[in-house]
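Taking it in order: structure first as structure tokens, then the write-up.
The values are calculated or read from the model by the stated rules, or taken from the named source; none is laboratory data. Because the structure is a prediction, the values reported are computed rather than measured. With ideal geometry, Cβ positions are generated from the backbone for all residues, glycine too; neighbour counts draw on all protein chains shown. Protein only, heavy atoms only, side chains kept; ligands, DNA and RNA dropped before computing areas. Shrake-Rupley method; radii C 1.70, N 1.55, O 1.52, S 1.80 Å.
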Amino acid sequence: MSEVHDFFNTLQSFDLGGGRTGQFYSLPALEAAGIGKISRLPVSIRIVLESVLRNADGEKVTGKDVCTLANWNAKSPAQEEIPFIVARIVLQDFTGVPLLVDLAAMRSAVSHLHKDPKIIEPLVPVDLVVDHSLQVDFFGIAEAFKLNLEMEFKRNRERYQLLKWGQQAFKTFKIVPPGIGIVHQVNLEYLAKGVLSGAGLRRAEVASATQAGVTPAESGKAGGTPAPLYYPDTLVGTDSHTTMINGLGIVGWGVGGIEAEAGMLGQPVYFLTPEVVGVHMTGALREGVTATDLALHVTQALRKAKVVGKFVEFFGPGAASLPVADRATIANMAPEYGATMGFFPVDDESLNYMRATGRTNEQIVAFGNYFKAQEMFGIPRDGEVDYSVELELNLADVQPSVAGPKRPQDRIELPKLKEEFVRVFQKPVAESGYGKTAAELGKRVLVQLGSVAAAATTDKPYGFVKDKVEPSESEMRDQHPTPDHVVAFILTHDGRCEIGHGSVVIAAITSCTNTSNPTVILGAGLLAKKAVERGLKVPAYVKTSLAPGSRVVTDYLAKTGLQKYLDALGFNLVGYGCTTCIGNSGPLPALIEEAITKNDLVAVAVLSGNRNFEARIHQNVKANFLMSPLLVVAFALAGRVDIDLTTEPIGRDKGGRDVYLRDLWPSLQEIRDAMQRALKPEVFRALYKDFAAQNPAWNQISSSFGAAYYWDANSTYIQEPPFFQHFALQPGSIDDIKGARALGIFGDSVTTDHISPAGSIKKDSPAGKYLIERGVLPVDFNSYGARRGNDRVMTRGTFANVRIKNLMVPGVEGGVTKCDGAVMPIYDAAMKYQQHNIPLVVFAGAEYGTGSSRDWAAKGTRLLGVRAVIAVSFERIHRSNLVGMGVLPCQFQEGTTAQTLGLDGTETYDILGLSNDLRPRWQLALVVHRADGREQQVPVIARIDTPIEVEYYRHGGILPFVLRQLLTASS
């Protein structure tokens, strides 16, 4: 935080309660000074404005920045960048490990220049929650949690050693160890404080301010001790779903690891002044409609309204009626509807949630009183705030729904799921269908699951099980588990089952999106209770799992007596982590997977998650549907999705009578009664303290010490990245790109999973060959996600997703391209071009880079030698990450695509108009030189959107820019 100042006499006092006083930068005082109609601004904009005001230092943040944002124009926001300095940063381990590797590399670079490496130090608090490394290997048994946790520690020891080094090397770097919860749920239940405080005016500042005619806020206590300065809890996180915290009234969103590193090192998070879409909520949810249904409804509606890159703020009586748990479910899915945030202002429900989750009374009173003093307390009513656009949503219109089978915005009302699955089943592959015939729909395959040995030893050609060798880790893994993998649950049905198209093979209650919401979790438990009491069972082929985002869930399921019914259906606790939602679903039983692949079955996963992109949940499960935990249990019981659960029986009870979903669905009163018995503040306090004592396995992880990291040249997990090789104190110049070749031409909706997969490594892939050359057996490969600390693996894995389609090689899936007429892996082609100093470009369609905020999707692109990506449109975070790595994002003008231009990769390309005079969103010329000698000039827009991004690009990326600044300051 910058030095305390009193810009426009805005440094004021407010009542903290208990006879205490706090200082704050008053937005009402700023409005009284005539700076702007601040009380009409959306609350989300006001919170950002407070940060800009408080951090105004005349350098990074200026008085002009304050005035510009204070005069935000709802209908036409100024095309100005906002320098937003956040109060803290949250990380998860898959993005946190490469971030820590980069910080270690920066310290090494400083050491090489004979400077103090400690000048590289986070300037704001950083919390890393280890939640992405848990995989569902064991399921359906009481010991599943213990066994999965043991496997997690075996697989990740070297990564965890790096994290522990970081904890001792950096003063403000804290870790929530494995086995505690999911980052966003932990953030909501524990890390978030509502308001934070720091030192107020010191005595010297008081004297200085007084001489200048300013009366600073004082505590009024003996000795004139200055009151602490309070400010809103704000953050960015290295995970797209950081927006979940918006449900509590806290401003925050996901950024790439590259941008987060810059924020940690004192740089503002820069973004263009956004439009704010106001969603006016009225009415109330009907009986039988869940918060998940509402979130899917909002996702579809806002995706259609094209809110990408905008703030969304919910207001009106409907919004005010929702508890924080429901608000958080909606806010969590902001990346799915494309918004930067899905924000609910602070009100009494926010305070109730803080109270229910065990926060101190002092915290809660300060939280409420601060926002009241800022005149930002309460959900706005219609007409009180100016929004860029207002949309209407009557909660009574929300219907029970699912979303899928490939995108979270493709909502399907529950009664229509059967007909929609049949339609997509027959739809051509080119139109995002499965290209099957109606006659194939009834196909069934008999699977015999009676042999433990067969289940343990059958495997893919690129992965195998070997005795006494630790199995590989992955985020979307095809490899199968160790021989002691449990088959007990499967054998409850005599080991015989039939599967076919539409069969549910994965049913997962997973993800912070829903497990943070007691109503849907308790509802799932109550539904399971009724099903067990009627004698229903889950088919043998369904892999069931329960992976909550917090240990509080386990506590209240136990207290209500509902866990035993979930256990009876196979939904045993498998761990506390993201699991299936990020693709850590683990292996299917080998014979089930064999039946799916040999018969090309369109198998199904049902999950209470937030994303369902193709190949994300499991490599061989083609259809993935998002739904509430209650419906996950219901479809697990049904065993298929080609069924209308509103009219067809879900199964038969002990007496042979049909049982319908309506017979099992709990009433809202039943759920409320369970909640009254279950949720206690003291449970949150007990479970969120002394993590080390509660996780002895974490204490046993050894780590190195010191300010600089020791790089082990033999490590295949952690290597010093080459980002600072040939580092100079002065940046280079911005020049045209000439004579480039295409490395890939891709279609629409290429995700960061496609660009930088996190899953299994094939032994015949460039990354697999690299590991084998270094003595690593395929069984020990682990995943790309686990090896994000090694640029040698990650660069070879860029564009290596098995489902990516490079249109330069029509009809072929996987990370291949054409180079001099020959088909070869993308990495191999990139290295051939690098040998001849030939720059590379990538072409893409709409929504390029959608999905997780995966910085390696940009880092790998850069290290392959790609100088520019030309697309129809970009996802917000990935575009920012490309600039952050010194890669030029360019956008076609409307109506132009690689396909309309007839590009096939045989051309060479120039991008002209680049110079040291580059400005944001400059028009450039893409010159296409065709093989037959024809030349075509195509206008494109440089998607370098702000002046600071021009500087990042000039310096070759954010990290060199920040490093040069820190070195200059230290001199």
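If you take every DSSP beta bridge whose two residues both sit in the chain, what share of them, in percent to the nearest 5, is antiparallel? Please list the in-between numbers first.
Values: 49 of 106 bridges.
Of those bridges, close to 45 percent are antiparallel.
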- Message: Among 582-588, 406-412, how do they line up by average Cβ neighbours within 10 Å per residue, starting with the highest?
- Response: 582-588, 406-412
- Item | Per-pair calculated FRET efficiency, R0 = 45 Å: Glu813 and Asp397 via Cβ, rounded to 0.05 | 0.70
- Pair Ile119, Asn599: separation of 7 Å Cα→Cβ label points (nm): 6.6
- Message: Give the lysines reachable from Lys537 as a straight Cα distance under 24 Å; neighbours fewer than 8 places away on the same chain don't count.
- Response: Lys418, Lys443, Lys529, Lys559, Lys564, Lys654
- Message: Taking the Cα of Arg20, stepping 7 Å toward and past its beta carbon, and measuring to each backbone N in the stretch 345-365: which are under 14 Å?
- Response: 360-365
- Tell me, in nm to one decimal, what length is gained between Ala430 and Arg657 on full extension, where the rule is 0.36 nm per residue of separation less the Cα-Cα distance? 77.4 nm
- Tabulate in residue order the Karplus-calculated ³J(HN,Hα) for the stretch 614-620, using 6.51 cos²θ - 1.76 cosθ + 1.60 with θ = phi - 60°, rounded to whole Hz; enter x for Gly and Pro. 4, 6, 6, 6, 7, 4, 10
- Sorted by mean Cβ packing within 10 Å, highest first, what order do the peptides 782-792, 249-259, 303-313 take? 249-259, 782-792, 303-313
- Message: Given an 8 Å cut-off on Cα distances and at least 6 residues of separation, report the relative contact order of the chain as a percent.
- Response: 13
- Message: How large is the translational diffusion coefficient of the stretch 698-793 in µm² per second when you combine the Kirkwood radius over alpha carbon pairs with Stokes-Einstein at 25 °C and 0.890 mPa s?
- Response: 143
- For the stretch 26-89, shape from the Cα gyration tensor axes a ≥ b ≥ c, cut at a/c of 1.5 then a/b versus b/c, turns out rounded
- Item | Relative contact order, percent, the stretch 586-647 [alpha-carbon distance under 8 Å, six or more residues apart] | 29
- Message: Taking 20 °C and 1.002 mPa s as the conditions, I'd like the Stokes-Einstein D for the stretch 1-124 in µm²/s, using the Kirkwood hydrodynamic radius from alpha carbon pairs.
- Response: 124
- Could you give the C-alpha radius of gyration of the stretch 625-672 expressed as a fraction of 2.2 N^0.38 Å, taking N as the number of residues it contains? 1.19
- Task: Pull out a ≥ b ≥ c, the square roots of the eigenvalues of the alpha-carbon gyration tensor of the stretch 518-603, then state rounded if a/c is under 1.5, prolate if not and a/b is larger than b/c, and oblate in the remaining case.
- Result: oblate
- What ³J(HN,Hα) values, in whole Hz, does the Karplus curve 6.51 cos²θ - 1.76 cosθ + 1.60 give for the stretch 274-288 when θ = phi - 60°, with x put for Gly and Pro? x, 6, 10, 8, x, 10, 7, 9, 10, x, 8, 5, 7, 4, x
- Item | 3J(HN,Hα) from dihedral phi, the stretch 858-871, Karplus parametrisation 6.51/-1.76/1.60, rounded to Hz, x for glycine, proline | 8, 4, x, 4, 4, 6, 6, x, 6, 9, 8, 10, 10, 9
- Where both residues lie in the stretch 503-658, what percent of DSSP beta bridges are antiparallel, nearest 5? 15
- Message: At 37 °C and a viscosity of 0.692 mPa s, what translational diffusion coefficient does Stokes-Einstein give for the stretch 740-871, taking Rh as the Kirkwood radius over Cα pairs? Give it in µm²/s as a whole number.
- Response: 225
- Task: Take the Cβ-Cβ distance between Asp780 and Asp690 as r, set R0 to 35 Å, and report the resulting FRET efficiency rounded to the nearest 0.05.
- Result: 0.55
- Greater than 21 Å apart at Cα, pairs in Lys146/Lys171; Lys37/Lys64; Lys37/Lys306; Lys406/Lys769: Lys146/Lys171; Lys37/Lys306; Lys406/Lys769
- Query: Expressed as a whole percentage, what fraction of the accessible surface of the chain belongs to carbon and sulfur atoms when a 1.4 Å probe is rolled over the protein heavy atoms?
  - Reply: 51
- Task: Considering Cα pairs under 8 angstrom that are at least six residues apart, work out the relative contact order of the stretch 219-364 and quote it in whole percent.
- Result: 29
- Query: Can you list the residues, at least 5 places off or on another chain, whose amide H is less than 5 Å from the amide H of Asp904, using H built in the peptide plane?
  - Reply: none
- Query: Based on the alpha-carbon gyration tensor of the stretch 122-197 and its eigenvalue square roots a ≥ b ≥ c, which shape applies: rounded if a/c is under 1.5, prolate if not and a/b is larger than b/c, or oblate?
  - Reply: oblate
- Item | Per-residue [θ]222 nm for the chain (sum of -39500 (n - 2.57) over DSSP H runs n ≥ 4, rounded to 500) | -9000 deg cm²/dmol
- How high is the FRET efficiency from Glu440 to Phe727, r the C-beta distance, R0 45 Å, rounded to 0.05? 0.20
- Task: List every residue whose amide H lies under 5 Å from the amide H of Leu924, counting only residues 5 or more places away in sequence or on a different chain, with H placed 1.01 Å from N in the peptide plane.
- Result: Val940, Ile941, Ala942
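How large is the Kirkwood hydrodynamic radius of the stretch 336-421, in angstrom, based on all distinct alpha carbon pairs? Could the numbers behind the result be given before it?
On the way: mean 1/r = 0.0598 Å⁻¹.
Across the stretch 336-421, the inverse of the average 1/r is 16.7 Å.
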- Averaged over all viewing directions, the convex hull of the alpha carbons in the chain casts a projected area in nm² of 38.1
- Query: For the stretch 601-739, max minus min Cα coordinate along each principal axis, in Å, sorted largest first?
  - Reply: 77, 54, 32
- Item | Simple spin-label estimate for Thr282 and Ala925 in nanometres, 7 Å along Cα-Cβ | 5.5
- Note on the structure: Charge dipole of the chain built from unit charges on the beta carbon (Lys, Arg +1; Asp, Glu -1), centred at mean Cα; most positive-end Cα among Tyr710, Asn572, Gln891 is Asn572
- Note on the structure: Of the listed pairs Lys304/Lys859; Lys115/Lys164; Lys154/Lys680; Lys115/Lys738, those with alpha carbons more than 28 Å apart are Lys304/Lys859; Lys154/Lys680; Lys115/Lys738
- Message: At q = 0.15, 0.16 Å⁻¹, what log₁₀ I(q)/I(0) does the stretch 243-368 have when each alpha carbon counts as one equal point scatterer in the Debye sum?
- Response: -0.75, -0.84
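Would you mind putting 894-903, 753-762, 390-399 in packing order, based on average other-beta-carbon counts within 10 Å, highest first?
Numbers: 894-903: 14.2, 753-762: 27.3, 390-399: 16.5.
Most protected by this proxy first, the peptides run 753-762, 390-399, 894-903.
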